[in-house]
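Worksheet: the structure to be examined is printed underneath.
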Amino acid sequence: MGSPAGFARILRAPGKTTVDHFDHRDGRLHCEHVPLDALAAEVGTPAFVYSASTIRDHASRLHEAFASLDPLICYAAKANSNLAVLELLAKEGCGFDIVSGGELARVLLAGGDPAKVVFSGVGKTEEEMDAAIRAGVLMFNVESEEELDVLGAVATRLELDAGVAIRVNPDVDPKTHRYITTGKKENKFGVDLERGEALARRAVAHPRLVLRGIQCHIGSQITDVKPFAEAVERTRDLALRLKPDAPDLAYLDMGGGYGIFYKDENAPSLKDYADVIEPVVKDCGLQLVMEPGRLIVGNAGVMLTRVLYNKTSGKRRFVIVDAGMNDLIRPSLYEGYHRIWPVTGEPPPPLGEEGDGDLVDVVGPVCESGDFFAVDRPLPVVTRGDLIAVMSVGAYAAVMGSNYNDRPRPPEVLVDGDRFAVVRERETHADMMRKERPDATYRSLGTSEGAST
Ligand SMILES: *Cc1c(COP(=O)(O)O)cnc(C)c1O
């Protein structure tokens, strides 16, 4: 899929994985053909803005890079589960990786094909299993012996088959942040290869469980191809050992975790990934499943926020903006780095460079010292009312939002070409209070709601 002419793609390094359709031209940051200062005037701040072309581009480029394997791409909905984003990816032919009944409901509402849905997560409830079996999902990525037994019992009760993939822990170190490492022996995800084999055989023997795949997911924001290659190889070998006894074993699911550019990471290109993974998977008789989240949407979004105040405390200079950690928690939670730059004026420095403005902390209004977006960051002088873009916030941003400090969640806007759509409205104060019952009507256990005591 081509990109609109003239896009400089400010987040793109030549030949690298991620592309985007954000571009600083004529002194204004644009998302595709929409100038973001004008958009902010229309929808207010803070606001998330996503580029539809970027999302589509990433999905199609990933598929192209692995074309010889014709992988099933199951977008990890947890990265950004806005219905419009899911619908867009369903139309691109993507399947989905879900981790809750809520995500299942969203995927179905967005027109996702249940036959292309994989259900991950260490803590699925019986209700979630029930709903997903009835919906006809492709497979559950099972993470423990107990979970397999419960899934078998739910399927038996429903008199329906449940597809299973065993999530194994290939014990490789993806060298990413400790909070997003999942493929080492000592973390809570998956089972080790030995137990995985036993678990898979147990699934094969169960009358209502159908072993369809072996899965691994070693972490997130991984910028080295080697751990992937190792993990896929170990997972493949297990699948091939099992295959003679498992007639329905058809999928090798290598999870997600592909790193993107936030700053100057040496993120591999899609071709780099394909070069090490293709030889391992080709001709093994299993279809590759991929569960990318961040790779698809991470660089497809920016958060627009306005400067409220400048403030100096001792030697530190603070730029206080109208977005807070409740809107974007990645810097506080994962020490996540996001490029930040004024929407109008000088273009930002090239990727990997920081420019030479004064060092400031960009902070939000939330009553927490952890409420920051950047620390000691060179930024041009900004004054009250100036509009700032926090970049690469398409993944794990809006979905992690909260109402802490009673701050309404910002709107989410999808841009496609020269048009935009508000795909989630800004919350109101009434929205935030809707579920509360200030009259506190008490009742005793076992009596019906509203009965007075
Ligand atoms: C979170 C997750 C993904 C997506 O991870 P990304 O780093 O966003 O690609 C894929 N599979 C599973 C099982 C996950 O938990």
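The values are calculated or read from the model by the stated rules, or taken from the named source; none is laboratory data. All values reported here derive from a predicted model rather than from experimental measurement. Cβ atoms come from the backbone with ideal geometry, glycine included; neighbour counts cover every protein chain shown. Note: accessible area is taken over every heavy atom of the protein model, side chains too, but ligands, DNA and RNA are not part of it. Shrake-Rupley method; radii C 1.70, N 1.55, O 1.52, S 1.80 Å.
Among the conditions (1) away from the ligand (no atom under 15 Å from the Cβ); (2) closer than 27 Å to GLY285 by Cα; (3) open to solvent by less than 20 Å² (accessible area, probe 1.4 Å), VAL118 misses just one, which is (1).
ASN141: at pLDDT 95 or above, of a type in the set (S, T, N, Q) and touching a strand residue (DSSP E or B) at 6+ places or on another chain (Cβ under 7 Å), yes or no? Yes, satisfied. Residues in segment 195-232 that are more than 15 Å from the ligand (Cβ to nearest atom) and closer than 30 Å to ASN266 by Cβ: 3 in all.
Output yes when any residue across segment 258-269 is under 19 Å from the mean Cα position of the chain (by Cα) and either among the basic types (Lys, Arg) or open to solvent by 60 Å² or more (accessible area, probe 1.4 Å) (or both), and no when none is. Yes; the residues of segment 258-269 include at least one that is under 19 Å from the mean Cα position of the chain (by Cα) and either among the basic types (Lys, Arg) or open to solvent by 60 Å² or more (accessible area, probe 1.4 Å) (or both). Every condition in (1) out of contact with any Leu (no Cβ under 8 Å at 6 or more places or on another chain); (2) within 13 Å of the ligand (Cβ to nearest atom); (3) closer than 19 Å to VAL399 by Cα is met by TYR75 except one, and the failing one is (1). Scanning segment 326-376 for residues that are open to solvent by less than 30 Å² (accessible area, probe 1.4 Å), assigned to a loop (DSSP other than H, G, I, E, B) and not small (Gly, Ala, Ser) yields ASN326, ASP327, LEU328, HIS338, ARG339, VAL343, PRO348, PRO349, VAL366, ASP371. Number of residues in segment 19-41 that are assigned to a helix (DSSP H, G or I) and free of Cβ contacts under 8 Å to residues at least 12 places away in the same chain: the value is 2. In the set ASP70, ASP113, ASP57, only one residue is open to solvent by less than 10 Å² (accessible area, probe 1.4 Å) and among the acidic types (Asp, Glu); that residue is ASP57.
For segment 152-160, indicate whether the set of residues that are more than 26 Å from ASN187 (Cα to Cα), open to solvent by less than 10 Å² (accessible area, probe 1.4 Å) and either touching a residue at least 40 places away in the same chain (Cβ under 8 Å) or among the small types (Gly, Ala, Ser) (or both) is non-empty.
yes
Does segment 279-294 contain at least one residue that is within 30 Å of PRO408 (Cβ to Cβ) and modelled with pLDDT of 95 or more? Yes, there is a match, as at least one residue in segment 279-294 is within 30 Å of PRO408 (Cβ to Cβ) and modelled with pLDDT of 95 or more. Would you kindly identify the strands (runs of 3 or more DSSP E) lying entirely within segment 377-433 that contain at least 3 residues that are of a type outside the set (A, V, I, L, M) and open to solvent by 40 Å² or more (accessible area, probe 1.4 Å)? Answer list for segment 377-433: 419-424.
Counting only residues that are among the hydrophobic types (A, V, I, L, M, F, W, C) and within 17 Å of SER100 (Cβ to Cβ), which one in segment 396-413 is farthest from the ligand (Cβ to nearest atom)?
We begin by selecting, within segment 396-413, every residue among the hydrophobic types (A, V, I, L, M, F, W, C); these are 397-400, 413.
Filter once more, so that each one left must be within 17 Å of SER100 (Cβ to Cβ): 398-400.
Numbers: ALA398: 14, VAL399: 11, MET400: 12 Å.
Out of the qualifying residues, it is ALA398.
Screening the candidates GLU291, GLU265 for the property of being of a type outside the set (Ser, Thr, Tyr), out of contact with any strand residue (DSSP E or B) (no Cβ under 9 Å at 6 or more places or on another chain) and touching a residue at least 12 places away in the same chain (Cβ under 8 Å) yields one hit, GLU265.
When you look at SER100, is it within 12 Å of the ligand (Cβ to nearest atom), among the polar types (S, T, N, Q) and within 15 Å of ASP253 (Cα to Cα), yes or no?
Values: within 12 Å of the ligand (Cβ to nearest atom): yes; among the polar types (S, T, N, Q): yes; within 15 Å of ASP253 (Cα to Cα): no.
In short, no.
Quick check on TYR251: is it open to solvent by less than 10 Å² (accessible area, probe 1.4 Å) and hydroxyl-bearing (Ser, Thr, Tyr)? Answer is no for this residue.
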